[in-house]
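Asker: Below you'll find the structure I mean.
What follows is calculated from the coordinates using simple rules that are stated; it is not laboratory data. Since the structure is predicted, the reported quantities are computational estimates derived from the model, not experimental observations. Here the Cβ positions follow ideal geometry from the backbone for every residue, glycine too, while neighbour counts run over all protein chains shown.
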Amino acid sequence: MNRTKPERVLYVEDDPDIRAVAQMALEIVGGLNLKACSSGAEALQSAEIFRPDLLLLDVMMPGMDGPTTLAGLRQMVHTASTPVIFMTAKVQASEVAYYRSLGALGVIAKPFDPMSLASQVCQLWEQNVMPDLSKSP
Amino acid sequence: MNVNQVFVNKFNQLKRDFSAQLPMRLKAIDDSLQACKEQPADEVRRQDLYRLLHSLGGTAGSFGFAQLGLDARIIESEVAALAQCSSWSEQEMAHIADALALLKQHIFARQP
C-alpha cells in the first residue's frame, strides 16, 4: 500500500464560512473525499459510517473542542488510531507540542491559504503516514 | 475551465458573501459586547464575544482580508487575556469598545 494522499478525510469545523472554504479547497483543489462536520458531536455520529483514514479537526469549537472530539473518536473502533491533524490559530511552540502530545501528525495554522491547504494536508500525510503504510504487508 | 479556475470562481463568490455579511458580523459583536456590559460577570456572554471575534479573525484571514483578520485577532487576544478576571470593569469594557470602533473605522476606510 503506497497512497500519496488519504482516501477519506473527516473534517470538523464549526464556522460555516471557514468550513466552506476548506471543503472547496480540499475537494476541488486537492481531490480529497471529504466528510465535513459542523461539530464534534456530528463527527462522532458520522465517523462509524464514513470510516475516515484521516481526521482534520479545528481546535476551538463551542461545546466539544478539537481535543475533546479526538478523545471521543479514540473511543470508537474505527477511529481509535486514525491519524489526526489539528487546525488552529494558536501555533506557539508550547501549543503545537500539546497537540503533538495528543498524537497529531501536525498542525495547520489558521488562517490558512486555501490554495495550499490540500498540499499541506497531503505533505503531513506523506511525511508521517506513508512510511508506516509502506511497511505494512 | 480547469480545477483551479473552478475553485477561484467559487472562492470569489464566498468572499463576496463574506464582505456583504461583514456589517451583520460587526453588529453581532457590538450586541455581544453590549450584553457583556449589562452582565460583566457572566462568563457565557464573555465567551460568546470571544468566539465571535475568533470567528471573524479566522474567516477574514482565510478570505484574504489579512489586516482585518489581524485586527480582530488582537481584540480577541485582549478579550482572552481578560477572561481570567471574574468580572470586567467599565474601563476594560471601554477599552474593548474603543478597539472595536477602531476596527470598524479601518474596515470602512478600506472599502472603495
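Asker: State the antiparallel share, in %, of DSSP beta bridges confined to chain A, rounding to the nearest 5.
Answerer: Beta bridges within chain A, antiparallel portion: roughly 0 percent.
Asker: Mind checking region B:43-112 for GluC sites (Glu not before Pro) that DSSP puts in a loop (not H, G, I, E or B) and that have at most 15 other Cβ atoms within 10 Å? All intermediate terms of the calculation are to be shown ahead of the outcome.
Answerer: Working: sites: B:Glu43, B:Glu76, B:Glu78, B:Glu90, B:Glu92; in loops: none.
In loop regions of region B:43-112 (DSSP not H, G, I, E or B), there are no sparsely surrounded GluC sites (Glu not before Pro).
Asker: Three principal axis extents, largest first, for the C-alpha atoms of chain A, in Å?
Answerer: Answer, in whole Å and largest first: 41, 34, 32 Å.
Asker: Another one. Work out from phi, with θ = phi - 60° and the Karplus expression 6.51 cos²θ - 1.76 cosθ + 1.60, the ³J(HN,Hα) of each residue of region A:113-121, listed in order in whole Hz, and give x for Gly and Pro.
Answerer: 8, x, 6, 10, 4, 4, 5, 5, 4
Asker: OK, next. Using only Cα atoms, what Kirkwood radius does chain B have, in angstroms?
Answerer: 14.9 Å
Asker: So which aspartates and glutamates pass the test for B:Lys104, namely a Cα distance under 13 Å, with those fewer than 8 places away in the same chain ruled out?
Answerer: B:Asp30, B:Asp71
Asker: Please report the projected area of the protein assembly as shown's Cα convex hull averaged over all directions, in nm².
Answerer: On the way: hull surface 59.6 nm².
Projected area, direction-averaged: 14.9 nm².
Asker: Add +1 for every Lys or Arg and -1 for every Asp or Glu among the other residues with Cβ under 13 Å from the Cβ of B:Pro40, and state the total.
Answerer: -2
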